[in-house]
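Peer 1: A single structure is presented below for examination.
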Amino acid sequence: MTESEARPGSRKGRPNYDREFRRRLAAAACEPGASVAKLARDNGINANMLFAWRRRYREQLQAETTCLIPVAVVHETPPQRVAMPP
């Protein structure tokens, strides 16, 4: 395959990791006690890249779990104070 026939989105010299690989590593990096640097080293990637994947993974999880709660605004008058006779 020549350089002009390269598939769109591919970058020469930089690996394009598949989505499932990134998701799996990001989820593993979110586990309690997980060392991001060790996980990155064990999988042959840069730790900063894994930190970025983890950040996007957390943002995605938060976006999926965040929901809006319906709220009704009611205009209430404050309670009146009644003076007690001495």
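Each value in this text was obtained by applying a stated rule to the coordinates, not by laboratory testing. From a predicted model like this one, the values you see are computed outputs, not experimental measurements. Please note: Cβ atoms are built from the backbone with ideal geometry, for glycine as well, and neighbour counts cover all protein chains shown.
Peer 1: Just give me the residues in region 39-85 being hydroxyl-bearing (Ser, Thr, Tyr) and more than 18 Å from the chain's Cα centre (by Cα), in sequence order.
Peer 2: Narrowing region 39-85 to residues hydroxyl-bearing (Ser, Thr, Tyr): 57, 65-66, 77.
Across region 39-85, the qualifying residue is only Thr77.
Peer 1: Something else now. For region 42-86, how many residues are without any contact (Cβ under 8 Å) to a residue 12 or more places away in the chain and part of a loop (DSSP other than H, G, I, E, B)?
Peer 2: Restricting attention to region 42-86, the residues satisfying the condition of being without any contact (Cβ under 8 Å) to a residue 12 or more places away in the chain are 42, 44, 46-49, 52, 55, 59-86.
Imposing the further condition that a residue be part of a loop (DSSP other than H, G, I, E, B) reduces the set to 44, 46, 66-86.
The qualifying residues number 23.
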